[in-house]
Amino acid sequence: MQFPAQERFAAGAQFIAGRLTQGTSGATHAVIDPATGTEAYTYELAGTDDVDAAVAAAREAFPGWSGATPGERSDALHRFAAVLADHADELARAESLQCGKPLKLTREFDVPGTIDNTAFFAGAARHLQGQSAGEYSGDHTSYVRREPIGVVGSIAPWNYPLQMAAWKILPAIAAGNTIVLKPAELTPLTSLLFAEAATEAGIPDGVVNIVTGAGRVAGEHLVGHPDVAMTSFTGSTAVGKRVAEIATATVKRLHLELGGKAPFVVFDDADVEAAANGAVAGALINTGQDCTAATRAYVQRPLYEEFVERTAALMETVRLGDPFAPGTDLGPLISHAQRDRVAAFVDRARSYARVVTGGDVPGGDLAKGAYYLPTLVVDAPQGSEIVQSEIFGPVLVVLPFETDEEGIRLANDTPYGLAASAWSRDVYRANRATREIKAGCVWINDHIPIISEMPHGGYKQSGFGKDMSAYSFEEYTQIKHVMFDNTAVIRKNWHRTVFGDR
């Protein structure tokens, strides 16, 4: 049974101060099921008044929530994780409907990962520690307080709506902040379910708010709002630059997780079968709509031909189909526009590269949806568009290299630095790759797995700051130095620099 979006969110796609409401922009938007091209949910977009109301609700809730003890916030988040577990099937079906993800992906990856992330931050909320107290000057005792920032205004993308809502909301509220999240207009359903679950768990009204509106209206107003103390954005590098420009005007704390073009480096001592399996899974997860997806495979010359042959054969076994059907491996892209964008990249590449497999829209019933065949491209120059640009689709480009130095140089030859992987049986070779590849995450003999305990974030034009893990608290807290005089002396020695003598 599909998720009944229109019935479930008949009250509207805004969640402000603990309840669903309609938007006030006067503009409507349709959530399209990308597997069929049919409307799944129509709602009124948020306008600037809705953003103002959500920020006001978050601001009103901040004193009480920030004043709660770490244990109280932790208990609320533990209840939150339990509520999410109770609604796991509903969350999975809503995510599959709006994104076109196969149910096995939402049930085995998106939803369990979100529940685990919530449970992690429930524990982490009790460990917001500063530096130990000490007498660093000799005459004073100093210590560090870690305090919440205030109202956070976050913007999440459409590729992992549920997980991105969790990555934005959980560290913010675990640290004592309140938040207004703007999900992508294409995919608001699971963000709304997530916020409702927070309320069901007893998290106070106004701590978590959702405004679903257009980026140029609701998004820019949220980022520029004077009562928003911090902005966290996940999305393209181009839009991230615009977010940074707006945030700078009010000197906001800024966290950006932007685009990627992850290299997949296969050295000549690697297990080629393992590498080929890893490349197909790493390139095609979420139909390739993943900033960390394997997009550029560099394979040392002795293994190159075998790797290409085996990867192409594996790609051809991947089953496209109805996201709700048990045998489906790969769903559609998020929209027909995105499918056409991906197809255009591949079609332009035919003039300078070779498509080994895929490179087309499937026929039959799948042609109604935003499907695109898993695609393998070879013989592309390093500087070409298909190698350098983020495609965000089920496309893997494979290039050869000769020496280890060349492989690492090619891996780093991109403006991005979000994720990468290296494949080798040699621990020294692998360790060198982890040191020299410039990316926020480097996997060895695997590609894609993430865990709540470890940080996620990039180098270079992939942004700055971390999601997940205790490191994310560096984004969502501010550090205060407190210093006590221990001498009770009226005139301190340093006063002579202003008046009098020793």
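What follows is calculated from the coordinates using simple rules that are stated; it is not laboratory data. Small disclaimer: the values here were computed from a predicted structure and weren't measured. Every residue, glycine as well, gets a Cβ built from its backbone with ideal geometry; the counts of neighbours run over all protein chains shown.
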Per the rule of 0.36 nm per residue minus the C-alpha distance, extending Asp116 to Ser236 adds in nm 40.6 nm
Helix-only [θ] at 222 nm, the chain, -39500 (n - 2.57) per DSSP H run of 4+, per residue, nearest 500, equals -11000 deg cm²/dmol
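Calculate the translational D of the stretch 262-444 in whole µm² s⁻¹ from Stokes-Einstein, where the hydrodynamic radius comes from the Kirkwood formula applied to all Cα pairs, the temperature is 25 °C and the viscosity 0.890 mPa s.
Numbers: Rh = 16.4 Å.
Calculated translational D: 150 µm²/s.
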So, over other residues within a Cβ distance under 14 Å of His87, counting Lys, Arg +1 and Asp, Glu -1, the net charge is -3
Rounded to whole angstroms and listed largest first, the alpha-carbon spread of the stretch 109-156 along its three principal axes comes to 53, 23, 12
Zone reached by a paramagnetic label modelled 7 Å from Glu60 Cα along Cα→Cβ, restricted to the stretch 11-41 with backbone N below 13 Å, covers 16-19
Here the stretch 322-394 gives, from Cα atoms, an Rg and Dmax in Å of 13.0, 41
In whole percents, the bins of 5 Å from zero upward hold the Cα-Cα pairs of the stretch 156-279 as 2, 10, 18, 20, 16, 10, 7, 6, 5, 4, 1, 0
Between Ile490 and Gln22, Cβ-based FRET efficiency (R0 56 Å, step 0.05) works out to 0.30
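Classify the chain as rounded, prolate or oblate, taking a ≥ b ≥ c as the square roots of the eigenvalues of its Cα gyration tensor: rounded when a/c is under 1.5, otherwise prolate if a/b is larger than b/c and oblate if not.
Numbers: a/c = 2.13, a/b = 1.33, b/c = 1.61.
Oblate is the answer for the chain, as a/c is 1.5 or above yet b/c matches or exceeds a/b.
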Label model pair Glu200, Phe499: point-to-point distance (7 angstrom along the Cα→beta-carbon line) in nm is 6.6
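Subtracting the Cα-Cα distance from 0.36 nm times the residue separation, let me have the gained length for Glu245 to Arg216 in nm, one decimal.
On the way: separation 29, 0.36 × 29 = 10.44 nm, distance 1.33 nm.
Extra length from Glu245 to Arg216 when fully extended: 9.1 nm.
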The stretch 72-138 and the stretch 432-459 have their Cα centres apart by a whole-number Å value of 21
So, relative contact order of the chain in percent, Cα under 8 Å, 6 or more apart, is 18
So the FRET efficiency between Glu147 and Thr317, C-beta based with R0 = 51 Å and rounded to 0.05, is 0.45
With x for Gly and Pro, the residue-by-residue ³J(HN,Hα) of the stretch 122-134, computed from phi through the Karplus equation 6.51 cos²θ - 1.76 cosθ + 1.60 at θ = phi - 60° and given in whole Hz, is 4, x, 5, 4, 8, 10, 7, 9, x, 6, 4, 5, x
The exposure ranking of Met454, Met315, fewest beta-carbon neighbours within 10 Å first, is Met454, Met315
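Order of Trp65, Trp423, Trp494, Trp167 from fewest to most other C-beta atoms within 10 Å? Please list the in-between numbers first.
Values: Trp65 21, Trp423 30, Trp494 9, Trp167 25.
Arranged by neighbour count, lowest to highest, Trp65, Trp423, Trp494, Trp167 become Trp494, Trp65, Trp167, Trp423.
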Contact order relative to length for the stretch 255-403, counting C-alpha pairs under 8 Å separated by 6 or more residues, stands in percent at 28
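Which order do Glu306, Glu7, Glu475 fall in if you start with the one that has the fewest other Cβ atoms within 10 Å? Each step should come with its number before you reach the end.
Details: Glu306 14, Glu7 8, Glu475 21.
In increasing order of surrounding Cβ atoms, one gets Glu7, Glu306, Glu475.
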